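Novice: Dropping the structure in here first, questions after.
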Amino acid sequence: MKMNGCGNDFIVIDNRGNRMNSVQVAPFVQRICSRRISLGADGVLFLEESSVSDFSMRYFNADGSEGEMCGNGARCIAKFAYTLGRAMRYASEVFPNGTNVNLIEPVDRQTIRIRTYERGVEDETLACGSGSTASAIIASLLGKTRPPVNLHTRGGVLQIDFQIGPEHIDEIYLAGEAKIVAEGHLLPDAWR
């Protein structure tokens, strides 16, 4: 995929599964970053698997050297990962009825940042209670957090508490803001 952050352009490669391991990276990057000869870019971003987060980024300059960090590249790879969320929502070979996609970032042992792409809405939503609950439980089972867990959604903070038993999860509680925003009557002409 070709992306740019404020005009700083990149070729983004999904390297999960280490597909690029057999390629000599420096000459490959130099070739594909050549403008007027190949695709052309300021650099190449590799989206890779991580043992501590949902993914990691490796950045290579157009000359083939590996860079330590690239701010514009980080913003692009985050958007790429979000568009990965949309693709996962429709991965019918894995989820025949579709699925919600939750991208999480554990902040500390009791805090998670979360973004959700929801089926039916077909877009990112401000919060998803069931997805947040599942994410908190899974993060705890993986040893990343422990209950109670505060999930920071785009719409506010949800508090999720639960007990992890030897065979199942018990006493699940979800707390967060709930507001009444309107009252009225739906008249028969609305559905006839």
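Novice: Could you give every pair whose Cβ atoms fall below 8 Å, whose first residue belongs to the range 167-183 and is over 18 Å from GLY155 (Cβ atoms), and whose second residue is exposed (fewer than 12 other Cβ atoms within 10 Å of the Cβ), counting only separations of at least 6 or pairs across chains?
Specialist: Note: pairs meeting the criteria are ILE169/GLN163; ASP170/GLN163; GLU171/GLN163.
Novice: Here is a follow-up. Can you find a residue in the range 176-191 that is surrounded by 12 or more Cβ atoms within 10 Å (Cβ to Cβ), of a type outside the set (A, V, I, L, M, F, W, C) and either at pLDDT 90 or above or more than 30 Å from LYS2 (Cβ to Cβ) (or both)? Explain how you work it out, then say what you get.
Specialist: Initial filter on the range 176-191 (surrounded by 12 or more Cβ atoms within 10 Å (Cβ to Cβ)): 176.
From what is left, the residues that are of a type outside the set (A, V, I, L, M, F, W, C) are 176.
Among the residues that remain, those that are also either at pLDDT 90 or above or more than 30 Å from LYS2 (Cβ to Cβ) (or both) are: 176.
Yes: one or more hits.
Novice: Give the residue, chosen from ARG86, ARG19, that is out of contact with any Cys (no Cβ under 6 Å at 6 or more places or on another chain), at pLDDT below 85 and closer than 24 Å to ILE112 by Cα. Outline the logic, then answer.
Specialist: Details: ARG19 fails: closer than 24 Å to ILE112 by Cα.
Among ARG86, ARG19, only ARG86 is out of contact with any Cys (no Cβ under 6 Å at 6 or more places or on another chain), at pLDDT below 85 and closer than 24 Å to ILE112 by Cα.
Novice: Taking the residues in the range 46-63 that are more than 18 Å from LYS2 (Cβ to Cβ) and outside any strand (DSSP E or B) as candidates, determine which candidate is most open to solvent (accessible area, probe 1.4 Å).
Specialist: We begin by selecting, within the range 46-63, every residue more than 18 Å from LYS2 (Cβ to Cβ); these are 48-56, 63.
Adding the requirement that they be outside any strand (DSSP E or B) leaves 49-55, 63.
Numbers: GLU49: 123, SER50: 41, SER51: 106, VAL52: 108, SER53: 56, ASP54: 82, PHE55: 65, ASP63: 96 Å².
Restricting to residues being more than 18 Å from LYS2 (Cβ to Cβ) and outside any strand (DSSP E or B), the top hit is GLU49.
Novice: Same structure, new question: Is it the case that the range 31-45 has a residue that's in contact (Cβ under 8 Å) with a residue 12 or more places away in the chain, under 30 Å from GLY143 (Cβ atoms), buried (at least 19 other Cβ atoms within 10 Å of the Cβ) and not polar (S, T, N, Q)?
Specialist: yes
Novice: Among the numbered criteria (1) part of a loop (DSSP other than H, G, I, E, B); (2) among the aliphatic types (A, V, I, L, M); (3) within 16 Å of the chain's Cα centre (by Cα), which single criterion is violated by ALA178?
Specialist: For ALA178, the failing item is (3).
Novice: Additional query: Within the range 68-76, can one find any residue that is of a type in the set (A, V, I, L, M), at pLDDT 80 or above and farther than 20 Å from ALA127 by Cβ?
Specialist: Checked the range 68-76: at least one residue is of a type in the set (A, V, I, L, M), at pLDDT 80 or above and farther than 20 Å from ALA127 by Cβ.
Novice: Please enumerate the residues belonging to the range 107-132 that are among the β-branched types (Val, Ile, Thr) and at pLDDT 85 or above. Before you say what the answer is, go through the steps one by one.
Specialist: Keep residues of the range 107-132 that are among the β-branched types (Val, Ile, Thr), which gives 107, 111-112, 114, 116, 121, 125.
Correct list: VAL107, THR111, ILE112, ILE114.
The values are calculated or read from the model by the stated rules, or taken from the named source; none is laboratory data. Small disclaimer: the values here were computed from a predicted structure and weren't measured. Positions of Cβ are generated from backbone atoms using ideal geometry, with glycine treated the same way; all protein chains shown enter the neighbour counts. Ligands, DNA and RNA are stripped out before the accessible areas are found, and what is left, the full protein with its side chains, is counted by its heavy atoms. Shrake-Rupley method; radii C 1.70, N 1.55, O 1.52, S 1.80 Å.
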